[in-house]
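Student: Dropping a structure here in structure tokens format, bear with me for questions.
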Amino acid sequence: PARVVASADLVSKELGWQARHDVRAMITSAWAGWCRRHPEAAAGRG
């Protein structure tokens, strides 16, 4: 994501809820999706 504005720490502390993915996984997934949609740019040809 371009900007992260929330933390799962409080909900984890108060309710015992755990996030499935961390920020690194979200960024990696977003980048992979972008590369699939823009293969020529992702390969440095755009």
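Student: Just to check your reading of the model, which residue among A2, A43, A32, A6 is modelled with pLDDT of 80 or more and either aliphatic (A, V, I, L, M) or on the phi > 0 side of the Ramachandran plot (or both)?
Tutor: Every option except A32 fails the conditions.
Student: I've got another one for you. Are any residues in segment 13-23 within 17 Å of R3 (Cβ to Cβ) and either in contact (Cβ under 8 Å) with a residue 40 or more places away in the chain or open to solvent by 70 Å² or more (accessible area, probe 1.4 Å) (or both), and if so, which ones?
Tutor: Selection gives H21, D22.
Student: Pairs please, first residue from segment 24-46 and among the charged types (D, E, K, R), second anywhere and open to solvent by 60 Å² or more (accessible area, probe 1.4 Å), Cβ atoms under 9 Å, 6+ apart in sequence or on different chains.
Tutor: Cβ pairs passing all conditions: E40/G46; R45/P39.
Student: Checking I27 against (1) at pLDDT 90 or above; (2) out of contact with any helix residue (DSSP H, G or I) (no Cβ under 7 Å at 6 or more places or on another chain), which single condition isn't satisfied?
Tutor: All conditions are met except number (1).
The values are calculated or read from the model by the stated rules, or taken from the named source; none is laboratory data. As the structure is a computational prediction, the values presented were derived from the model and not from experiment. With ideal geometry, Cβ positions are generated from the backbone for all residues, glycine too; neighbour counts draw on all protein chains shown. To get the accessible areas, we keep the full protein, side chains included, count just its heavy atoms, and leave off ligands, DNA and RNA. Shrake-Rupley method; radii C 1.70, N 1.55, O 1.52, S 1.80 Å.
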